[in-house]
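What follows draws every value from the coordinates through simple rules; no lab data is involved. What you see is a predicted model; the values in this text were computed from it and never measured. When we count neighbours, we look across all protein chains shown, and the Cβ atoms used for this are built from the backbone with ideal geometry, even at glycine.
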Amino acid sequence: MSRYRDAVLFVFLAVAWGGSFVAIEVGLDSLPPLLFAAFRYDIGAVLLVVYAAVACDRWLPQTRDDYLAVLVVGVFLITAANGLLFVGQQYTTGGVAAILYSLNPVLTTGFARSLLPDDRLSPLGIVGLLVGLAGVALVVRPDPANLFAGATGKLLVVVSATSVAFGSVLLRRLKPTTDSTATTAWGMLVGAVLMHGVSIARGETPKFAAALDPQVVVPLAYLAVVATAVAYAVYFGLLERHSPVQINLVSYVVPVVTAFAGWVLLGESLAPATFAGFVVILTGFALIKREVLAEFAGRYSV
């Protein structure tokens, strides 16, 4: 029963995060990007902090590493990652953004093997990292004659994924005593405040009427409640029962959900080269994590 429950939760996570790229795309028609991202985490952070207070034994930061972990989450995993993602999605579709974000596990492994003493990439692992980056090049496909036209948004999404990967590795170097859900919740709150500050500095000023439009309220509610508060609670629950490699395979289901949702709701389609780039990124991940994936396949094979 537990296996079926976790399978359902895994599918929910893929749907929740896959739909988030489409929700961002819709909301950006009415709200400026950084303010939109800040609103998402205003609501999501409050909900997740309340959940952490009820469900976690250690939900208040106390030690130096607790506060540093909250800062890392707030700066790298929330402010930089989401700020760049929302800005980048002004210039590209949700489907393409989701595929570029699937580079995250590849980059995380690369940073871990570079920054953590016990992790080193083998020669084949280095090949896998390069293959993943080649997949990104296939998706972005910059025009050498006009390098920044059309590629700007995609490159911002790649930098966003890089920020998440780097921040995740920094977290592994720390030893926080608070529960991971609580650390994330407080980090979201810090990130929301920082994004509000950057939004004000950029002069983002939405119209009050636009903020009440269903085209803003619906995607914002989806992002804050479903894709943030509920999805992160589910994610950390799954991490308590399964390995990070198993759970982070959701990154390769998310683009499929996003592509389908974008096609149904927005009439979007993806170019063949974009699909090819996704397959190349997935191949790079398989080369890097080949031993863990082989063990996982052997454990769950019939």
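List of remarks:
- Taken one residue at a time, the phi angles of the stretch 28-35 give Karplus couplings (6.51, -1.76, 1.60, θ = phi - 60°) of 5, 5, 10, 10, x, x, 5, 5 Hz. Gly and Pro are set to x.
- Neighbour-count ranking [beta-carbon atoms within 10 angstrom, fewest first] of Lys154, Lys175: Lys175, Lys154
- The distance from the alpha carbon centre of the stretch 15-80 to that of the stretch 173-194 is 9 Å, rounded to a whole number.
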